[in-house]
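Working notes, beginning with the structure itself.
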Amino acid sequence: MNKLKAYALQERGFDTVEANHELGLQADLRDYGVAAQILRYLGLTRVRLLTNNPNKITALKNYGIDVVERIPLIVGHGENNPHYIHIKKEKMGHMF
């Protein structure tokens, strides 16, 4: 439900980070503990991770998963997303 509320705020001009903060939330609430548990269950303790989000790397490392390589995701820059990409990079530290 909060995601829908955040989208409504974004339609009013808030960026993704501002919308979450307006709702009293952190910019990114995801937790990767379950993902780390699944990886360990499968016998994996080292991964090559497809991501632009440095927080995912840190989180998995904190859960005992060694991220041996980050493979960047190629994100299309279209007419509808330049502001979103800018916010992800500048406010959330994403690596493009």
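If you scan region 28-56, which residues turn out to be within 29 Å of L9 (Cα to Cα) and crowded, with 16+ Cβ neighbours inside 10 Å?
Hits for region 28-56 are Y32, T51, N52, N53, K56.
Just for region 54-83: of the residues that are modelled with pLDDT under 95 and polar (S, T, N, Q), which one is nearest to Q37 (Cα to Cα)?
N55
For the condition free of Cβ contacts under 8 Å to residues at least 60 places away in the same chain and touching a Gly at 6+ places or on another chain (Cβ under 7 Å), what is the one hit in A8, A36?
From the options A8, A36, the qualifying one is A36.
Restricting the search to region 79-96, which residues are touching a residue at least 60 places away in the same chain (Cβ under 8 Å) and surrounded by 13 or more Cβ atoms within 10 Å (Cβ to Cβ)?
Restricting attention to region 79-96, the residues satisfying the condition of being touching a residue at least 60 places away in the same chain (Cβ under 8 Å) are 83-84, 87-88, 91-92.
Of everything in region 79-96, those that are touching a residue at least 60 places away in the same chain (Cβ under 8 Å) and surrounded by 13 or more Cβ atoms within 10 Å (Cβ to Cβ) turn out to be Y84, I87, K88, K91, M92.
Just checking, which of A27, A8 is aliphatic (A, V, I, L, M) and either under 19 Å from I71 (Cβ atoms) or touching a Ser or Thr at 6+ places or on another chain (Cβ under 9 Å) (or both)?
A27
The values are calculated or read from the model by the stated rules, or taken from the named source; none is laboratory data. This structure is a prediction, so every number in the text was calculated from the model and none was measured. Don't worry about glycine lacking a Cβ; one is built from the backbone with ideal geometry, like all the others, and counts go over all protein chains shown.
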